[in-house]
1. Take the residues of region 276-292 that are part of a helix (DSSP H, G or I) and touching a strand residue (DSSP E or B) at 6+ places or on another chain (Cβ under 9 Å): which is surrounded by the fewest Cβ atoms within 10 Å (Cβ to Cβ)?
2. Check Gly272 against each of (1) part of a loop (DSSP other than H, G, I, E, B); (2) crowded, with 20+ Cβ neighbours inside 10 Å; (3) at pLDDT 95 or above and name the one condition it does not meet.
3. Does region 192-209 contain any residue that is out of contact with any helix residue (DSSP H, G or I) (no Cβ under 8 Å at 6 or more places or on another chain), of a type in the set (Phe, Trp, Tyr) and part of a loop (DSSP other than H, G, I, E, B)?
4. Answer yes or no as to whether Ile106 is more than 30 Å from Leu189 (Cα to Cα) and part of a helix (DSSP H, G or I).
5. Would you pick out the residues in region 42-57 that are in contact with a Leu (Cβ under 8 Å, 6 or more places away or on another chain) and of a type outside the set (Ser, Thr, Tyr)?
6. Only residues in region 82-106 that are surrounded by 19 or more Cβ atoms within 10 Å (Cβ to Cβ) count as the first member; pair them with residues that are among the β-branched types (Val, Ile, Thr) and part of a loop (DSSP other than H, G, I, E, B), Cβ under 7 angstrom, at least 6 apart or cross-chain, and list the lot.
7. In region 48-64, which residues are within 30 Å of the chain's Cα centre (by Cα) and hydroxyl-bearing (Ser, Thr, Tyr)?
8. Suppose we filter Thr236, Thr229 for residues that are closer than 27 Å to Leu167 by Cβ, among the polar types (S, T, N, Q), in contact with a helix residue (DSSP H, G or I) (Cβ under 9 Å, 6 or more places away or on another chain) and surrounded by fewer than 20 Cβ atoms within 10 Å (Cβ to Cβ); which single one remains?
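The values are calculated or read from the model by the stated rules, or taken from the named source; none is laboratory data. Bear in mind the structure is a predicted one, so any value in this text is a computation, not a measurement. With ideal geometry, Cβ positions are generated from the backbone for all residues, glycine too; neighbour counts draw on all protein chains shown.
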Amino acid sequence: MSNELAPEGPELQPDGMGFDEEAGSEEASHLLPPIRELPQDREYLPGAFYSIQAANGTPANPPQQLGEILGQGLFQSLTDVHLFGRNADSEPWLEVGPMTPEPVQIMASQELLPATGEPLAQDDLEMFEMVAGRVAKTLKRDKQPPKEDAAKAAARSAELAGMKGKLGDKFGMSLAGSFQLADVTDCCLCLGMKRNGDAFSWYGGKTTGDPIFSVTVDGAKLAPGAQGTTRKVNLTYTVAGVTQPRKVLERIFAACYYFQKRIAGDVKMDDGSAPPEGVARGEHPRLDAAIKKIEAAKLRPGHVVTKRLT
């Protein structure tokens with residue numbers, strides 16, 4: 001598709017973060033470059049949706065943007081419905097938005113686990129079919145029959161809701177030693193982290209969204225003006241909550257060795273074991289197991305539905 005992200009290239013530059021009252025003693029945020037979005041981060045995930053496809057269309061030349069055809073208001077109202085498009089059967093379904101040129105194929109998909117965490121009833125999914133029909137009609141295409149009936153999709157929704165709390169595995173690294181809380185705070189600020197309650201979090205250079213990983217300390221809180229010492233600094237994340245968990249581990253690895261350079265200490269895995277060689281590349285057997293657990297549920301890390309199960 002014409003708006004597909006390139007799989008290779010430089011990391012995206014961070015969004016403007018504005019001005020903070022706090023600043024670190026040096027600028028080291030370049031050590032944690034933002035994680036570049038990949039096309040597969042936007043690929044259709046069958047396990048998370050109930051979907052209805054419209055008949056293939058013949059886009060104008062040049063194609064109009066979907067927002068011009070469907071209306072910006074439709075996209076603003078799709079809080080739990082996603083549109084996916086592709087130009088041929090051989091291409092992956094990628095999520096589309098109002099700025100996307102009209103694709104040859106388009107599919108409307110309803111999240112099977114809404115933000116409430118409650119399973120959808122068959123009636124809910126039948127109402128979604130009306131939304132899919134509206135999209136197809138506006139694009140002057142026929143709505144195709146769904147590949148599964150609403151009752152089966154409702155059963156899948158109930159299965160997902162029953163998994164709540166089962167994908168909350170955390171992973172990360174730590175630094176052991178004796179550290180001044182003020183020094184830990186300064187390291188976090190230098191790396192571009194932001195305060196998040198009594199901890200610090202890394203947001204990947206973005207101004208909105210969920211934290212990617214967080215920094216806490218044993219036996220203390222990293223509150224403003226915190227004094228005293230700690231014997232352990234923890235850098236952790238929820239594997240199911242991030243789109244590229246191996247890249248996140250790479251960033252944590254870099255952050256740990258920045259901490260070590262500044263305040264000494266021994267770098268460990270979160271369970272106290274020594275970091276194996278592959279950690280620098282985002283590789284670790286326990287991380288692999290956590291990812292496979294998510295994939296076994298027909299989900300993927302970082303997806304909006306997956307996050308609701310953590």
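1. Arg286
2. Just one mismatch for Gly272, condition (2).
3. yes
4. Answer is no for this residue.
5. Those that are in contact with a Leu (Cβ under 8 Å, 6 or more places away or on another chain) and of a type outside the set (Ser, Thr, Tyr): Arg42, Glu43, Leu45, Gly47, Ala48, Phe49, Ala54, Gly57.
6. Here the result reads Leu83/Val96; Phe84/Val96; Gly85/Val96; Gly85/Thr100; Pro103/Val96, each pair linking region 82-106 to a residue that is among the β-branched types (Val, Ile, Thr) and part of a loop (DSSP other than H, G, I, E, B).
7. Tyr50, Ser51
8. Only one candidate qualifies: Thr236.
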